[in-house]
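The values are calculated or read from the model by the stated rules, or taken from the named source; none is laboratory data. Here the structure is a predicted model, which means the values were calculated and not measured. Because the Cβ atoms are built from the backbone with ideal geometry, glycine has one as well, and the counts that use them run over all protein chains shown. For accessibility, only protein heavy atoms count, side chains too; no ligands or nucleic acids. Shrake-Rupley method; radii C 1.70, N 1.55, O 1.52, S 1.80 Å.
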Amino acid sequence: MAETIVKIENLVKRYHELVAVDHFNLTVSKGEILGLLGPNGSGKTTTMNCLLSLLAYDKGSIEVFGKPMKPDSYDLKRNIGVVFQNVAVFDTLTVQENIDYFCGLYIKDKKLRRQYVAEAVEFAGLSDFVKFYPKKLSGGLLRRLNIACGIAHKPKLILLDEPTVAVDPQSRNKILQGILKLNEEGATIIYTSHYMEEVEQICSRIVIMDKGRNLANGTATELKQLIKKSETLTVEILELTDTQLEAVRRLNHVYDVSYENNRLTVQCSGGSHNLIHLLSYLQEENIAFGRVYSELPTLNDVFLEITGSELRD
Ligand code: ADP
Ligand code: MG
């Protein structure tokens with residue numbers, strides 16, 4: 001068993017009447033990239049702030065590196081790197097000075113610090129911008145600076161709160177690749193996002209969060225196996241009668257069908273060769289068809305089946 005790095009038990013955080021985090025549980029082991037996936041307002045940032053002891057909570061317990069996390073747990077905090085959702089850098093300091101400032105909160109040795117700052121600059125692809133002030137940076141570069149400030153001191157645990165929101169594709173890829181690299185170098189990572197594709201791309205395990213609760217937890221493959229839907233078939237057909245549509249509905253493993261705008265959509269649960277069975281039926285009935293495709297479930301489908309609403313905004 002890998003070492004437990006974070007353990008959140010029964011966390012409750014209320015803002016007056018609103019329960020932002022509702023008996024939330026989370027365990028993260030050493031070496032994981034844990035994706036905390038939930039729509040806006042689901043409680044991700046609140047959970048992060050409680051985890052960091054930046055926010056007082058109403059109930060529950062939080063341990064980091066096997067010790068209770070408290071506001072004055074500086075020995076734990078020095079091993080944690082945080083990249084906040086809202087960029088938090090000093091406008092009066094250059095890129096280099098900002099990174100040096102944040103690194104200096106934890107690394108007092110000047111020579112080591114110089115080395116760490118240089119590595120963070122390189123890591124974030126900011127070499128050409130070290131003398132720039134934040135106001136002169138594009139949105140993507142600013143995000144990368146924010147990340148460099150959070151990770152320069154080489155923390156063992158890194159929390160990234162929606163680091164790619166409103167970032168151009170090039171910076172976004174650089175950020176995602178960077179997270180994988182930090183993980184390869186030994187950091188355990190908690191990554192919050194409402195972009196399911198990103199979470200699926202980089203996370204070794206995913207927790208689905210909604211209304212402050214932990215609703216499901218597993219690898220992307222495991223989560224998709226939790227739901228009824230296994231495959232969506234789509235076939236372009238110019239004409240289909242109600243009787244034929246009913247016949248499709250009765251095919252093995254089919255649980256839902258619709259026919260709109262010359263497009264037949266068939267939802268299947270389990271089974272194999274669903275597409276072949278559907279196409280054989282169409283052929284038997286002499287129904288001409290155009291484009292055909294099969295889609296596997298996405299994390300949005302998982303979210304939809306568990307909560308009844310869409311993950312996308
Ligand atoms: P997420 O990060 O997943 O978007 P948040 O943790 O920011 O979600 O918010 C969770 C819920 O708590 C939301 O309904 C939000 O409006 C509410 N909330 C967050 N911060 C505050 C606050 N300081 N005061 C009151 N309500 C808040
Ligand atoms: Mg948030």
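A few comments on the model shown:
- Neighbourhood charge, 13 Å Cβ-Cβ cut-off, centred on Ile276 and excluding it, Lys, Arg +1 and Asp, Glu -1: -2
- Near Thr27: Cβ cut-off under 14 Å, other residues only, Lys/Arg at +1 and Asp/Glu at -1. The net charge is -1.
- Sequence of Val235, Val292 from largest to smallest accessible area, 1.4 Å probe: Val292, Val235
- Cross-link check: pairs Lys110/Lys181; Lys70/Lys111; Lys67/Lys174; Lys30/Lys136; Lys13/Lys228 evaluated at a Cα-Cα cut-off of 29 Å; pairs beyond the cut-off: Lys70/Lys111; Lys67/Lys174; Lys30/Lys136; Lys13/Lys228.
- In a DSSP loop and with at most 16 other Cβ atoms within 10 Å, the trypsin sites (Lys or Arg not before Pro) in segment 175-236 are Lys211, Lys228.
- Value of Rg/Rh across segment 231-313 [Cα atoms, Kirkwood radius]: 0.99
- In segment 189-313, the portion of solvent-accessible area held by carbon and sulfur atoms comes to 47 percent [1.4 Å probe, whole percent, DNA, RNA and ligands not counted].
- Remark: accessible surface ordering of Arg250, Arg263, Arg291, Arg144 (largest first) is Arg250, Arg291, Arg263, Arg144, probe radius 1.4 Å.
- Over the chain, DSSP H runs of length four or greater, each weighted -39,500 (n - 2.57), average out per residue to a 222 nm ellipticity of -10000 deg cm²/dmol.
- Lys, Arg +1 and Asp, Glu -1 on Cβ, resulting dipole of the chain about Cα centre, debye, nearest 20: 1680 debye
- Kirkwood-based shape ratio for segment 146-245, expressed as Rg/Rh from alpha carbons: 1.16
- Computed as a quarter of the hull surface, the mean projected area of the alpha carbon convex hull for segment 4-224 stands at 11.9 nm².
- Within the same chain, aspartates and glutamates fewer than 8 places from Lys59 are excluded, and of the rest, those with a Cα less than 16 Å from its Cα are Glu9, Glu17, Asp22.
- Extending 7 Å from Cα along the Cβ direction at Tyr133 and again at Ile276 yields two label points whose distance is 6.8 nm.
- For segment 51-91 and segment 226-241, distance of Cα centres in Å: 47 Å
- Full extension of the chain between Thr4 and Asp91 gives 27.6 nm of extra length, using 0.36 nm per residue less the Cα-Cα distance.
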